[in-house]
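Here's the structure we're looking at; comments come further down.
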Amino acid sequence: MDVTLRQTRAFLAVVRLGSLTRAAEYLRVSQPTLTVQVRQLEEALGLRLLDRLARGAEPTPAGRQLASSLERLVGEFDAVLADAKDMAVRRTGLVRIAVLPSAGATVVPAALERLRRRSPGIRVVVRDAVDHRVAAMVRAGEAELGIGAEGGGADPGLEARPLFEDRMVAVLPAGHALARRRHVPLAALAEVPLVLTDPESSVRALVDRAFAAQGLRALPAYEATYMSTAVGMVRAGLGVAVLPSSAVDLRAAPVLKTRPIGDPPVLRQVLLMRQAGRSLSPAAEALVEALAATAGCGGSARRGPGAAPTGWAVMSEGR
């Protein structure tokens with residue numbers, strides 16, 4: 001006969017309270033039911049665990065020894081269940097998320113602040129990386145969630161949902177002639193020295209595709225891995241940078257001017273990614289809700305048409 005948790009709890013209650021009657025009341029079962037449970041435990045173990053006395057019940061030497069060990073095990077079991085319940089109601093948990101640097105400096109901190117207000121016990125580990133590294137970390141399980149850009153091609157190992165739409169802007173040195181325009185066309189940018197991000201970045205891939213679609217080539221005078229470096233080069237008058245409007249570095253450089261790229265605009269769809277076919281932890285679900293709510297609040301990053309996150313879909317060509 002197998003030992004059950006119910007039998008164990010019945011025995012421990014009798015040991016603690018010294019009475020079958022009081023133990024039955026504590027567990028909210030009838031005394032005959034509790035007596036049967038204790039007897040089944042004794043039969044399963046082949047040990048007499050309780051002496052029934054006129055004044056109550058006392059553990060036998062074997063019962064006393066066993067009760068000490070069972071109390072510890074049941075306590076640990078109850079603690080595990082309590083932790084699981086806390087995770088289920090999003091009170092605790094750990095989430096790892098890989099993010100594009102631009103999102104990591106703007107949308108993510110605001111979402112984490114929102115999440116902290118609702119679920120202060122949830123911990124989030126943020127790793128910023130270029131787009132292909134974001135996807136790789138999510139695919140490998142190093143991050144439960146990822147924030148990357150569309151345009152990476154088909155990846156059946158990942159599912160994605162739109163998070164926000166980012167518009168590319170021209171970042172101009174003070175007094176630059178293009179600052180007089182409301183929008184800067186790509187053809188005009190092709191005529192000036194450009195400061196572009198490195199070829200492995202999602203921003204550079206988007207810019208190269210936009211130029212190519214108009215029969216133009218984006219020939220950078222300078223390349224930079226970090227957006228802050230690109231902004232510094234513009235501040236030094238070395239050229240015009242093409243960066244996402246969500247880049248936090250732009251806010252730290254008020255002397256520079258930004259103008260939307262127009263005719264047509266160059267837009268970047270930023271996606272929230274996870275492993276295909278995998279369930280998210282309750283903590284990750286809470287973070288997804290915080291990110292969706294934050295991305296929908298406005299600011300330089302904005303929702304695009306149809307970009308409300310209504311569900312996950314396997315990443316395909318064009319995403």
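The values are calculated or read from the model by the stated rules, or taken from the named source; none is laboratory data. None of these values were measured; they are calculated from a predicted model. Positions of Cβ are generated from backbone atoms using ideal geometry, with glycine treated the same way; all protein chains shown enter the neighbour counts.
Considering (1) touching a Phe, Trp or Tyr at 6+ places or on another chain (Cβ under 9 Å); (2) loosely packed, with under 14 Cβ neighbours inside 10 Å, the lone condition that A190 does not fulfil carries the number (2). In the stretch 203-227, how many are out of contact with any Ser or Thr (no Cβ under 9 Å at 6 or more places or on another chain) and in a helix (DSSP H, G or I)? The number of residues fulfilling the criteria is 8. Out of curiosity, is L41 free of Cβ contacts under 8 Å to residues at least 40 places away in the same chain, out of contact with any Gly (no Cβ under 9 Å at 6 or more places or on another chain) and surrounded by 14 or more Cβ atoms within 10 Å (Cβ to Cβ)? Against the criterion (free of Cβ contacts under 8 Å to residues at least 40 places away in the same chain, out of contact with any Gly (no Cβ under 9 Å at 6 or more places or on another chain) and surrounded by 14 or more Cβ atoms within 10 Å (Cβ to Cβ)), L41 qualifies. Within the stretch 1-38, the residues that satisfy the criterion of being assigned to a helix (DSSP H, G or I), in contact with a strand residue (DSSP E or B) (Cβ under 8 Å, 6 or more places away or on another chain) and either in contact (Cβ under 8 Å) with a residue 40 or more places away in the chain or of a type in the set (F, W, Y) (or both) are F11, V14, V15. Where residues in the stretch 50-72 are among the hydrophobic types (A, V, I, L, M, F, W, C) and exposed (fewer than 11 other Cβ atoms within 10 Å of the Cβ), which of them is nearest to L112 (Cα to Cα)? It comes out as L53.
Can you tell me which residues in the stretch 131-147 are surrounded by 20 or more Cβ atoms within 10 Å (Cβ to Cβ) and modelled with pLDDT under 90? D131, the sole residue that qualifies. Residues of the stretch 273-287 include at least one that is in a strand (DSSP E or B) and closer than 30 Å to Q214 by Cβ. Do we have A140 as free of Cβ contacts under 8 Å to residues at least 12 places away in the same chain and either under 30 Å from R209 (Cβ atoms) or within 12 Å of the chain's Cα centre (by Cα) (or both) here? Here the answer is yes, as A140 does meet what is asked. Taking the stated definitions as given, is R181 in contact with a strand residue (DSSP E or B) (Cβ under 7 Å, 6 or more places away or on another chain), without any contact (Cβ under 8 Å) to a residue 24 or more places away in the chain, closer than 20 Å to T258 by Cα and not assigned by TED's automatic domain parsing to the domain that holds L287? No; evaluated as a whole, the condition is false for this residue.
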